[in-house]
1. Over 22 Å between Cα atoms: which of Lys10/Lys72; Lys36/Lys58; Lys10/Lys58; Lys33/Lys72 fall into that group?
2. Could you tell me which label, among (i) 13.5, 38; (ii) 18.3, 57; (iii) 17.0, 59, carries the value of Rg and Dmax of the Cα atoms in Å calculated for this structure?
3. Evaluate the distance, in nm, between pseudo-label points positioned 7 Å from the Cα of Tyr82 and of Glu5 along their respective Cα→Cβ axes.
4. Hey, got a sec? Which trypsin sites (Lys or Arg not before Pro) in the stretch 11-101 land in a DSSP loop and have at most 12 other Cβ atoms within 10 Å?
5. To the nearest 0.05, how large is the calculated FRET efficiency for Arg133 and Leu35 if R₀ is 30 Å and r is the Cβ-Cβ distance?
6. In nm, to one decimal, how far is the modelled label at Ala98 from the one at His110, with both set 7 Å along Cα→Cβ?
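Each value in this text was obtained by applying a stated rule to the coordinates, not by laboratory testing. Please read all numbers here as calculations on a predicted model, not as lab measurements. Cβ placement follows ideal geometry from the backbone for every residue including glycine, while neighbour counts extend to all protein chains displayed.
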Amino acid sequence: MSKAEPTIRKYMTTEPAVIESTRSLEDADRIMKDLKIRHLPVMHDGKLLGIISDRDIKAALGIIGSNPDSAKVADICHQHPYQVGPEHKLHEVLDEMADHHYGSVLVVQHDKLVGILTMIDVCRAFSEILQQRFHEHTS
């Protein structure tokens, strides 16, 4: 008997931290460091606008210099990031992530952000699947 293929709902991080588009890069950097995360969905007036990563911030700070308050999150966020619904098959999402070098996927349902799937989540998923596959029947 084969098992049903998991969807990303099983492995995504629910209720991800977000940042408002009008906040500074310094605020975004602080939030990511405090929460030990590398991707932060960007909201504008309660709607998903895009995503910003720690690498985006480092690159932008290198360009604008030592005043991180002068740039806002909206100035550098990636608008229209890769989005899927929570019922997408895990392998399809992972293929897309690998093909396009995405570090994260935003999970949207009914035009509302419901989660994020990051490479950390993917590693945990892969570990769980390997454990189930190779260690499930051993004692």
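1. Working: Lys10/Lys72 33 Å; Lys36/Lys58 15 Å; Lys10/Lys58 31 Å; Lys33/Lys72 17 Å.
Among Lys10/Lys72; Lys36/Lys58; Lys10/Lys58; Lys33/Lys72, the Cα-Cα distance tops 22 Å for Lys10/Lys72; Lys10/Lys58.
2. Here the calculated entry is (iii).
3. Placing both labels 7 Å beyond Cα along the Cβ direction yields 1.5 nm.
4. Working: sites: Arg23, Arg30, Lys33, Lys36, Arg38, Lys47, Arg55, Lys58, Lys72, Lys89; in loops: Arg23, Lys36, Arg38.
Sparse-neighbourhood loop trypsin sites (Lys or Arg not before Pro): Lys36.
5. On the way: r = 32 Å, r/R0 = 1.05.
After rounding to 0.05, the efficiency reads 0.40.
6. 3.4
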